[in-house]
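Notes follow the structure.
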Ligand code: ADP
């Protein structure tokens, strides 16, 4: 089966065609459409999908990365009108992420013939979080009525690397306690016990937790009230500050890219060094918390652009953690696309029909 995997962000669309046959998995096509909606790029996600489909050739099924599935979906599902309605409903919870996912589904559905579409949700891996983990300390009505809770994101990545880590440890997933660190532009840490997620640093939105490329991570909500009162900032301005101008970029005043910061810090840039210090400290703090939650860990697993490629950052985060006890350190390149393709093939197996882009 040839599965087209679509992974849409607000201004980019990453795609792959993966062939899964008799236990063999092969990437046939891989590409990205950038600058959607900007000069020089396609006008919208519809045009971006058209571009991707031209490169993709024939496909039997499409797997969509969908960021938010609310509380309803615990695993990948074939998209029908009900699933489409839930994805649309979740746009209110993930206004930056679900709309491009939905746009790409609608475009690929219209442009391809009778091909099954499957949604693989970033939130699904966290359906195992217990209420005392996912609830905030707000009046319970705000959960019951407004659905305010920790949802968690990057679930497909944490699911992939935790399963792979168990393989590398030579154990069944049920026997492993793992702390998985996805450190890319977006960053999160997850506690995985016996193959099930028990806690994760991203929360109601993908802003909570670690310091990220441009997102601030944990912050006292009192800061929001203060900025609105003392600086007269609007809700949109505070949101933009926390999501696009904070994190490594805001702290360093230079870049959201760890490569630039490591280079600048080595050349004596004090702000770049400070940004790295804050980043590593926050990650260490979460690892310590999840060590306590799990009662120890067999391995700390790193993935994502920083986690996979920056040994000095891994080293800084791990400094002193050997005092907690014994654990392995694993670096596992994430592969969300492969997991989306596998899920898609599993969901549609036996039902796919081949079609061309129209
Ligand atoms: P995203 O979360 O957008 O998928 P990535 O996982 O690619 O992003 O992570 C981006 C971060 O990873 C940047 O801070 C970048 O510096 C770092 N990074 C990515 N690739 C490399 C590499 N080959 N060597 C060093 N650092 C890298």
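Do we find that residue 43 is farther than 21 Å from residue 4 by Cα, out of contact with any strand residue (DSSP E or B) (no Cβ under 6 Å at 6 or more places or on another chain) and crowded, with 23+ Cβ neighbours inside 10 Å in this structure? In short, no.
Restricting the search to the stretch 257-267, which residues are surrounded by fewer than 18 Cβ atoms within 10 Å (Cβ to Cβ) and under 19 Å from residue 206 (Cβ atoms)? If you could, list the steps in order and put the result at the bottom.
The initial filter retains those residues of the stretch 257-267 that are surrounded by fewer than 18 Cβ atoms within 10 Å (Cβ to Cβ), namely 257, 259-260, 262-263, 266-267.
Result: 257, single match.
Could we say that residue 191 is within 16 Å of the chain's Cα centre (by Cα), away from the ligand (no atom under 16 Å from the Cβ), surrounded by fewer than 24 Cβ atoms within 10 Å (Cβ to Cβ) and part of a strand (DSSP E or B) here? Answer is no for this residue. Only one of the numbered conditions (1) within 22 Å of the chain's Cα centre (by Cα); (2) exposed (fewer than 14 other Cβ atoms within 10 Å of the Cβ); (3) free of Cβ contacts under 8 Å to residues at least 60 places away in the same chain is not met by residue 331, and that is (2). With respect to (1) away from the ligand (no atom under 16 Å from the Cβ); (2) at pLDDT below 95, the lone exception for residue 185 is condition (1).
You will find that of 151, 142, the residue that is out of contact with any strand residue (DSSP E or B) (no Cβ under 8 Å at 6 or more places or on another chain), more than 21 Å from residue 317 (Cβ to Cβ) and crowded, with 22+ Cβ neighbours inside 10 Å is 151 and no other. Residue count for the stretch 203-256 under the criterion of being assigned to a loop (DSSP other than H, G, I, E, B), surrounded by fewer than 18 Cβ atoms within 10 Å (Cβ to Cβ), more than 14 Å from the ligand (Cβ to nearest atom) and without any contact (Cβ under 8 Å) to a residue 40 or more places away in the chain: the result is 9.
Determine whether the stretch 279-296 contains at least one residue that is at positive phi, surrounded by 21 or more Cβ atoms within 10 Å (Cβ to Cβ) and either under 21 Å from the mean Cα position of the chain (by Cα) or without any contact (Cβ under 8 Å) to a residue 24 or more places away in the chain (or both). Checking the stretch 279-296: not a single residue is at positive phi, surrounded by 21 or more Cβ atoms within 10 Å (Cβ to Cβ) and either under 21 Å from the mean Cα position of the chain (by Cα) or without any contact (Cβ under 8 Å) to a residue 24 or more places away in the chain (or both). Residue by residue through the stretch 313-340, note down the ones that are closer than 24 Å to residue 258 by Cα and assigned to a loop (DSSP other than H, G, I, E, B). If the condition is that a residue be closer than 24 Å to residue 258 by Cα and assigned to a loop (DSSP other than H, G, I, E, B), then 319, 320, 332, 333, 334, 335 are the ones that fit.
If you take the residues in the stretch 304-319 that are over 17 Å from residue 186 (Cβ atoms) and touching a residue at least 12 places away in the same chain (Cβ under 8 Å), which one is farthest from the ligand (Cβ to nearest atom)?
Here is the first cut: in the stretch 304-319, the ones over 17 Å from residue 186 (Cβ atoms) are 311-312, 314-316, 318-319.
Those left that are additionally touching a residue at least 12 places away in the same chain (Cβ under 8 Å): 312, 314, 316, 318-319.
Details: 312: 10, 314: 11, 316: 14, 318: 17, 319: 19 Å.
Looking at residues that are over 17 Å from residue 186 (Cβ atoms) and touching a residue at least 12 places away in the same chain (Cβ under 8 Å), I get 319.
Quick one: residue 268 ticks every box in (1) at positive phi; (2) within 16 Å of the ligand (Cβ to nearest atom) except a single one, so which number is it? Only one criterion in (1) at positive phi; (2) within 16 Å of the ligand (Cβ to nearest atom) is unmet by residue 268, namely (2).
The values are calculated or read from the model by the stated rules, or taken from the named source; none is laboratory data. The shown structure was predicted, so the numbers you read here are calculated from the model rather than taken from an experiment. Every residue, glycine as well, gets a Cβ built from its backbone with ideal geometry; the counts of neighbours run over all protein chains shown.
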